[in-house]
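Report on one structure; see the data block that follows.
Any read-out appearing in this document is the output of simple, stated calculations on the displayed coordinates, not a laboratory observation. From a predicted model like this one, the values you see are computed outputs, not experimental measurements. Every residue, glycine as well, gets a Cβ built from its backbone with ideal geometry; the counts of neighbours run over all protein chains shown.
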Amino acid sequence: MLLAGCGGRQDTLDPHSHQAGDIANLFWVMMAVSFGGLALVTGLLVFAWVRRRRRGIGGDTEGPHPGERTGWFVVVGMGVVFPLTVIVALFIVSDWAIVNITQAPAASSTAMTVEAVGHEWYWSFKYPGTKAVTADELHIPVDTRVNLVATTADVIHSFWVPELNRKIDTIPGQQNRILLYANQTGVYRGQCAEYCGLQHAHMGMLVFAQPEAEFRKWLKREAAPAAAPTTALERRGERLFLDGACSSCHAIRGTSAKGYVGPDLTHLGSRTTLAGLTIPNTPSYLARWITAPQHFKPGNQMPDLNLPPAQVGALVAYLESLK
Ligand code: CUA
């Protein structure tokens, strides 16, 4: 069970940026010094036990004990000076690392800005300068300094992608920034790292680090309004969405749906997951999500609308067509 906590998809010890590398190195330095200290104390304990004197009741009364000569060294040297030196050295090392990691990037030193907004319980990502808005799945170009601005729509959350950088809290009425950088293409999993209510644990996110050209293509499509439905079933789904309760909470750009309680669904069909990474984005899971949203994420704001299966089918067909 302990080993299960090591590695996996949110591995602070598998850094993919300079900042995450500093954090991992700091961990290893702390670990090495701690284990060194533990070994030293254990060694001294064993040494003392091996060299112990067997004395009768009443103790030894003949002259000074040989141990008293080294008493000052043991108490003052090993008990005060040595630990103080080690702890001060560790403090300096960690402070140096924290200063390095914490410095928010100068906006001029980054190639682009992304805004991450925490919601109970999902993430929305905006790309200032474009109309692109997405949820839970953030795309960035690889080997590019991205200025991530974190804020919240409700309570305090914390944006954390362990392989890329430290945590950054989202505070109401405030904007916090970190540098988001990935030195390798891939998908990095992140997680809300500040307890924010019932579904805090189900507030995951994915960061897709893509080659520049691929990212530009994605951003262009993401910024565009939703495609019009093409089949009769999709058209029926669109009508149900726009005339029913869905559009009062969700937005689909290019339609009359402008809700902002739930995630923007303009390109829902192109995402790989649903509901803060709780379930994969497949037609069958989407149908189950619409039918029983409180089953997968109890306490979330999406109500069970008691829709008949035929209506759910049409909604799923329409939403999955929004690539
Ligand atoms: Cu949002 Cu924890």
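Tabulated values for the structure
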read-out: For the chain, size of Cβ-based charge dipole, Lys and Arg +1, Asp and Glu -1, in debye; value: 260
read-out: Those chymotrypsin sites (Phe, Trp or Tyr not before Pro) in segment 95-176 that DSSP places in a loop and that have at most 15 other beta carbons within 10 Å; value: none
read-out: Length gained when the stretch residue 306-residue 108 is fully extended (0.36 nm per residue, less Cα-Cα span); value: 66.2 nm
read-out: Rounded Å value of the spacing that divides the Cα centres of segment 14-49 and segment 169-217; value: 29
read-out: Whether segment 182-305 is rounded, prolate or oblate, judged on the alpha carbon gyration tensor where a/c under 1.5 counts as rounded; value: oblate
read-out: Value of [θ]222 nm, deg cm²/dmol, for the chain, DSSP H segments ≥ 4, -39500 (n - 2.57) each, nearest 500; value: -10500 deg cm²/dmol
read-out: Axial C-alpha extent at least 20 Å, average Kyte-Doolittle at least -1.0 - helices from the chain (DSSP); value: 18-50, 82-102
read-out: Qualifying lysines (Cα of each under 25 Å from Cα of residue 297; at least 8 residues distant if same chain); value: 126, 167, 258, 323
read-out: Set of segment 75-93 residues, backbone N closer than 13 Å to the point 7 Å along the Cα-Cβ line of residue 48; value: 75-76, 78-79
read-out: Selection of trypsin sites (Lys or Arg not before Pro), segment 257-308, meeting DSSP coil and at most 10 other Cβ within 10 Å; value: none
read-out: Rough spin-label spacing in nm, given labels placed 7 Å along Cα→Cβ, for residue 88 and residue 242; value: 7.2
read-out: Residue 30-residue 232 FRET efficiency (beta carbon distance; Förster radius 56 Å; 0.05 resolution); value: 0.35
